[in-house]
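Since the structure comes first, as structure tokens, the remarks are kept for the end.
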Amino acid sequence: MPNQDILDLQPAHIRELQNRYERAMADHGYDSLLIASGAAPYRYRDDQAYVFQGFGPFLHWTGLAGQEHSWLLVRPGQKPVLWLYQPVDFWHANPVMAEEPWLEVVDVRSRQQSGAPELDSPGRLAVIGDPLVLDGVPGDHNPAALVAAVEEARVRKTPYEIECLAHANRIALAGHRAAREAFLAGDSEFGISLAYQQATGQREVEAPYHSIIGLNEHAGTLHYQYYDLKPPRRPRSLLIDAGVRYRGYCSDITRTTAGPDEPRFTALVHGLEKLQLRLCEMVSPGVDYVDIHRKAHLGIAALLSASGLVSGLPDEAVVEQGITRAFFPHGIGHFLGIQVHDVAGKPTPSPEDAPFLRLTRTLEASMVVTIEPGLYFIPSLLEPLLNGPEAQYLNRALIDELKSCGGIRIEDNVVVTAAGARNLTRECE
């Protein structure tokens, strides 16, 4: 059942969206805005559709992730109108709408047609959504400046959004605990996935992204996508990156567990977790997110030196010579919200020393970010170092010993508050 406090916050969230969207429409000269929920396209030469999760702006207003062929109309000074596609259909069931407070501030109607509704006197109309469902709909389709303004409206989260994200963290952490127990009990990647789904009460297709569950060397593939049916003979490590979608909002949590007889790898996990917590404490208004990323590399350099993986260089040189990039190739995190990699995070390109960074903004209160440092043993990245001039600083024997553990990533979801940060993940542990 939804938390009553969350339900009570949603009407104020919708009123705030009305204000934000009205400003955006006025700035760009539109009298009305029609938002399509979207629909899952069918696979080529097949009668089965792809998995559907809904268009971001539609979810921002409604949280209805599975509602296809539906439409939301926003007009200044008027109640939003929501048309829900509810056909008479003996093949499929229609989603059931619970009686909740937000329905008092939205005009909800049902219709059996999948196309856009006809509008009376819309004035200058903008229509946004998947172009595949907008064909033939009157109005300006996905005008770039308005779409950018709508995405900017998602950057600073309302209290309702933050509590939805917190609840998504609580549910996901139950799954992470079950996954860890399944790993320590000797289960396979597939079995761990089932344990996670059972604990969260969420099917894989409902999740905000395909859960990454890697044992041993599989943990070194950043977005490892397969599940072995049999456990390895020697379970050395588990990396699980998995979240939950709650009322449209996503959690995105990663945990790494060392096997019972892996003292060196266990020490690395503990070291990375200490670094990760320090990086979370950096989250605060006015902080350049790129600075957190760069501080992560200095921390990785210190951990590599302390563990004996690298020696003979000061930490700054370990970073400058690109050694940390081989062990930590991705960015420190991203915006989080209706989408896992939420929008509007890169008003400027990623810096040259952080090409995969997804967020390049100065932090402000009510933004929600992930903090996810990693340390991996990826052969394709380490081999050039081991065969180059940097090899003199690397402990090849220790790298060979640990590479079958794959790697480590630890990820929390953090709200920027007026005074600093609220760690939604740790407060639920």
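The values are calculated or read from the model by the stated rules, or taken from the named source; none is laboratory data. Quick caveat: nothing in here was measured; it's all calculated off a predicted structure. Here the Cβ is made from the backbone with ideal geometry for all residues, glycine too, and neighbour counts use every protein chain on show. To get the accessible areas, we keep the full protein, side chains included, count just its heavy atoms, and leave off ligands, DNA and RNA. Shrake-Rupley method; radii C 1.70, N 1.55, O 1.52, S 1.80 Å.
Count, please, the residues in the stretch 26-48 that happen to be without any contact (Cβ under 8 Å) to a residue 40 or more places away in the chain and over 20 Å from Gly248 (Cβ atoms).
Qualifying residue count for the region: 7.
Which of the residues spanning the stretch 263-310 are in a loop (DSSP other than H, G, I, E, B) and open to solvent by 10 Å² or more (accessible area, probe 1.4 Å)?
Ser284, Pro285, Gly286, Val287, Gly308, listed by residue number.
Here is a list: Leu375, Leu336, Leu357, Leu363. Which entry is surrounded by 19 or more Cβ atoms within 10 Å (Cβ to Cβ) and out of contact with any strand residue (DSSP E or B) (no Cβ under 6 Å at 6 or more places or on another chain)?
Of Leu375, Leu336, Leu357, Leu363, the one residue that is surrounded by 19 or more Cβ atoms within 10 Å (Cβ to Cβ) and out of contact with any strand residue (DSSP E or B) (no Cβ under 6 Å at 6 or more places or on another chain) is Leu357.
Looking at the stretch 9-42, which of the residues that are open to solvent by 50 Å² or more (accessible area, probe 1.4 Å) and at pLDDT below 95 is nearest to the chain's Cα centre (by Cα)?
Pro41
Going through the stretch 311-343 one residue at a time, which ones are of a type in the set (A, V, I, L, M), free of Cβ contacts under 8 Å to residues at least 60 places away in the same chain and in a helix (DSSP H, G or I)?
Keep residues of the stretch 311-343 that are of a type in the set (A, V, I, L, M), which gives 313, 317-319, 323, 326, 332, 336, 338, 340, 343.
Still in the list and also free of Cβ contacts under 8 Å to residues at least 60 places away in the same chain: 317, 319, 326, 332.
Across the stretch 311-343, the qualifying residues are Ala317, Val319, Ala326.
Where the second residue is part of a loop (DSSP other than H, G, I, E, B) and open to solvent by 40 Å² or more (accessible area, probe 1.4 Å) and the first is over 18 Å from Leu222 (Cβ atoms) and lies in the stretch 368-390, which pairs have Cβ atoms under 7 Å and are six or more apart or on separate chains?
Filtered contacts from the stretch 368-390: Glu390/Gln321.
Say whether the condition of being more than 24 Å from the chain's Cα centre (by Cα), of a type in the set (Ser, Thr, Tyr) and surrounded by fewer than 19 Cβ atoms within 10 Å (Cβ to Cβ) is met by at least one residue in the stretch 93-110.
Scanning the stretch 93-110 turns up at least one residue that is more than 24 Å from the chain's Cα centre (by Cα), of a type in the set (Ser, Thr, Tyr) and surrounded by fewer than 19 Cβ atoms within 10 Å (Cβ to Cβ).
Would a scan of the stretch 307-316 turn up a residue that is within 30 Å of Gly286 (Cα to Cα) and touching a Ser or Thr at 6+ places or on another chain (Cβ under 9 Å)?
Yes, the stretch 307-316 has at least one match.
Take Ser350 and decide whether it is open to solvent by 20 Å² or more (accessible area, probe 1.4 Å), in the same structural domain as Leu275 (by the TED database) and in contact with a Phe, Trp or Tyr (Cβ under 8 Å, 6 or more places away or on another chain).
Yes, satisfied.
When you go through Glu411, Glu372, Glu383 one by one, which is the residue that is touching an Asp or Glu at 6+ places or on another chain (Cβ under 9 Å), over 20 Å from Cys164 (Cβ atoms) and charged (D, E, K, R)?
Working: Glu411 fails: over 20 Å from Cys164 (Cβ atoms); Glu383 fails: touching an Asp or Glu at 6+ places or on another chain (Cβ under 9 Å).
After ruling out the rest, the residue left standing is Glu372.
Inside the stretch 147-166, can you point out the residues that are open to solvent by 20 Å² or more (accessible area, probe 1.4 Å) and either within 15 Å of Tyr21 (Cβ to Cβ) or touching an Asp or Glu at 6+ places or on another chain (Cβ under 8 Å) (or both)?
Hits for the stretch 147-166 are Val147, Ala148, Ala149, Glu151, Glu152, Arg156, Glu163.
Find the residue count for the stretch 171-207, including only residues that are surrounded by 18 or more Cβ atoms within 10 Å (Cβ to Cβ) and of a type in the set (D, E, K, R).
Summing the residues that are surrounded by 18 or more Cβ atoms within 10 Å (Cβ to Cβ) and of a type in the set (D, E, K, R) in the stretch 171-207 gives 3.
Pick from the stretch 77-95 the residues that are aliphatic (A, V, I, L, M) and modelled with pLDDT of 95 or more: which of them is farthest from Arg111 (Cα to Cα)?
The extreme case among them is Val81.
Just checking, which of Asp342, Asp400, Asp412 is acidic (Asp, Glu), at negative phi and surrounded by fewer than 19 Cβ atoms within 10 Å (Cβ to Cβ)?
Testing whether each residue is acidic (Asp, Glu), at negative phi and surrounded by fewer than 19 Cβ atoms within 10 Å (Cβ to Cβ) leaves just Asp400.
Could you figure out which of (1) buried (at least 21 other Cβ atoms within 10 Å of the Cβ); (2) without any contact (Cβ under 8 Å) to a residue 60 or more places away in the chain; (3) not charged (D, E, K, R) isn't true of Ala144?
(1)
The rows are residues; the columns are (1) modelled with pLDDT of 95 or more; (2) acidic (Asp, Glu); (3) over 26 Å from Leu165 (Cα atoms).
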| position | (1), (2), (3) |
| --- | --- |
| Gly66 | no, no, no |
| Arg75 | yes, no, yes |
| Ala98 | no, no, no |
| Val105 | yes, no, no |
| Val108 | yes, no, no |
| Gln112 | no, no, yes |
| Asp120 | no, yes, yes |
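Would you confirm whether any residue within the stretch 248-262 is within 22 Å of Gly54 (Cα to Cα), open to solvent by less than 40 Å² (accessible area, probe 1.4 Å) and of a type in the set (A, V, I, L, M, F, W, C)? Break it down stepwise before answering.
Within the stretch 248-262, the first condition is being within 22 Å of Gly54 (Cα to Cα), and the residues that meet it are 248-253.
Checking which are open to solvent by less than 40 Å² (accessible area, probe 1.4 Å) leaves us with 248-253.
After this cut, where a residue has to be of a type in the set (A, V, I, L, M, F, W, C) as well, the list is 250, 253.
Yes - at least one qualifying residue is present in the stretch 248-262.
If you go through the stretch 83-126, how many residues are part of a loop (DSSP other than H, G, I, E, B) and either of a type outside the set (Lys, Arg) or free of Cβ contacts under 8 Å to residues at least 40 places away in the same chain (or both)?
So the count comes out to 29.
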